[in-house]
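Shown next, in structure tokens, is the structure this report addresses.
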Amino acid sequence: MFDLVKAFPDPAWLEEMRKKLDAKMRFGVEKAREVSWMPYTTEKGQWKKNSIGWWTNGFWPASMWQMFRMTGDELYREEALRAERMLDEALENFKDLSHDVGFMWLIHSGVRYRLEKNQDSYDRTLKAAYILASRFNPNGFIRAWNGEGREGWAIVDCMMNLPLLYWASEMTGDPRFRQIAMIHADTTMKHFVRSDGSCNHIVIFDPENGAFLDNPGGQGFATGSSWSRGQSWALYGFVLSFLHTGKTEYLDTAKRIAHYFIAQISDDWMPRCDFRQPQQPVIRDNVAGNVAACGLLELSRAVSELEGRFYFESAVKILRSQEKDAANWALDDPAIFTKCTSAYHDLPGRHITMNYGDYFFIEAVNKLSGDPLLFWDPARCERT
Ligand code: GLY
């Protein structure tokens, strides 16, 4: 297996990142305790008000567990537990939840169960898996969002929620969760990933018979464009589906998406919001870069040692370029990455902070530092 720690060329940079992350995230916790909502984005140096059901809310406690793994400091564990309890309100209100329950529970409650065997955390994660499984349409896809008229909508981001279903099969011995995940991943290969490795964000199916109806541009520029965060969800998501199932088509698909992604960013190693957006203005998305970097690091370990270096070096270039260009380490704002973009056509949502961009940077630093725990596979994946 490709050794990330041995291959990393600049341990001093990594040490500097760990120190800066500790200072910044400590400040983030202080700020989070001043408000009664979960961190997502910031405004005037404060965590902006946010609803408890918002799909990104698992990234805060997951960041806390990553920081606990990095530092061993009890402050982060306590904050993770506080956030986990806050999220119970969202789980109780289960009818309002979407397919994003993987993001919302696997990477903290699932991780806590892995580390501490806490029964409540196990129950929360399994409930989330039941909710996700219940969104499966037997025509071959998982329904993404709620609301009348969206019964047949599926989105590429869902690839990152599938690890929750793999986890549920591992834990319960019931193969149905894994089967649903694999049917959805197969549909994603067929209808979302194009032959050049770019992806659709949304595909609308007829919910009665599964016929393909449409593929709107979603959070990207337009139909037929290439929303970079969607590409990064697909890249990392297919690597994870391969790690959970061993199905080589998933690995080959991840490679195809990775080659496309790397070709699109190799000019400056910082993804634009959409790889097919107009040349001007230059709209970036740091989240896409950090998610893709995590996917590429896992990909480097999933392929032969000879192949691994290409993916590894691309990941490192993305992380270092984005950090240099857009990381704010000052204690004037609790968020780190400043050029995250919610959607191409959401003008106030361009070049804002979005805490899941920060989460994936922390995850990448822990991977490069040799932490063997993969948060997206907490049932069994302690790699050495
Ligand atoms: N899953 C929605 C997003 O990435 O913004």
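Computed quantities for the displayed model
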quantity	calculated
Hits in segment 143-184 (condition: part of a loop (DSSP other than H, G, I, E, B), more than 21 Å from G53 (Cβ to Cβ) and acidic (D, E))	D174
Residue in segment 111-123 that is aliphatic (A, V, I, L, M) and either surrounded by fewer than 19 Cβ atoms within 10 Å (Cβ to Cβ) or farther than 22 Å from Y40 by Cα (or both) present	yes
Those residues of segment 28-62 which are touching a residue at least 60 places away in the same chain (Cβ under 8 Å), more than 16 Å from the ligand (Cβ to nearest atom) and among the hydroxyl-bearing types (S, T, Y), in sequence order	T42
Per-region count, segment 61-99, residues out of contact with any Phe, Trp or Tyr (no Cβ under 6 Å at 6 or more places or on another chain), on the phi < 0 side of the Ramachandran plot and not in a helix (DSSP H, G or I)	5
The lone exception for M354 - which of (1) in contact with a Ser or Thr (Cβ under 7 Å, 6 or more places away or on another chain); (2) surrounded by fewer than 18 Cβ atoms within 10 Å (Cβ to Cβ) it fails	(2)
All positions within segment 276-296 that are hydrophobic (A, V, I, L, M, F, W, C) and more than 19 Å from the chain's Cα centre (by Cα)	V282, I283
Flag for S195 being closer than 26 Å to D274 by Cα and in contact with an Asp or Glu (Cβ under 6 Å, 6 or more places away or on another chain)	no
Residue tally, condition closer than 18 Å to F177 by Cβ and either away from the ligand (no atom under 16 Å from the Cβ) or of a type in the set (F, W, Y) (or both), over segment 89-110	6
Whichever residue in segment 265-274 is free of Cβ contacts under 8 Å to residues at least 60 places away in the same chain and closer than 14 Å to G230 by Cα and, among such residues, is surrounded by the fewest Cβ atoms within 10 Å (Cβ to Cβ)	R272
Odd one out for S342 among (1) crowded, with 22+ Cβ neighbours inside 10 Å; (2) within 15 Å of the chain's Cα centre (by Cα); (3) not hydrophobic (A, V, I, L, M, F, W, C)	(1)
Filtered residues of segment 347-375 (kept if out of contact with any strand residue (DSSP E or B) (no Cβ under 9 Å at 6 or more places or on another chain) and away from the ligand (no atom under 16 Å from the Cβ))	I362, A364, V365, K367, L368, S369, G370, D371, F375
Residue match in segment 247-261 (condition: at pLDDT 95 or above and within 16 Å of the ligand (Cβ to nearest atom))	yes
Filter result for A326 (modelled with pLDDT of 95 or more, away from the ligand (no atom under 16 Å from the Cβ), small (G, A, S) and in contact with a strand residue (DSSP E or B) (Cβ under 6 Å, 6 or more places away or on another chain))	yes
Answer from F261, F205, F238 - the residue that is over 22 Å from D285 (Cα atoms), touching a residue at least 60 places away in the same chain (Cβ under 8 Å) and touching a helix residue (DSSP H, G or I) at 6+ places or on another chain (Cβ under 9 Å)	F205
Hey, Y344 touching a strand residue (DSSP E or B) at 6+ places or on another chain (Cβ under 7 Å) and of a type in the set (F, W, Y) or not	yes
Residue satisfying all of: in segment 179-201; among the small types (G, A, S) and over 20 Å from S169 (Cβ atoms); surrounded by the fewest Cβ atoms within 10 Å (Cβ to Cβ) among these	S195
Filtered residue count, segment 317-364, keeping only those that are without any contact (Cβ under 8 Å) to a residue 60 or more places away in the chain and of a type in the set (S, T, N, Q)	4
Filter pass, L132 being over 24 Å from A211 (Cα atoms), modelled with pLDDT of 95 or more and buried (at least 20 other Cβ atoms within 10 Å of the Cβ)	no
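The values are calculated or read from the model by the stated rules, or taken from the named source; none is laboratory data. Everything quoted here is computed from the prediction, not taken from an experiment. Note: ideal-geometry Cβ built from the backbone for every residue, glycine included; neighbour counts use all protein chains shown.
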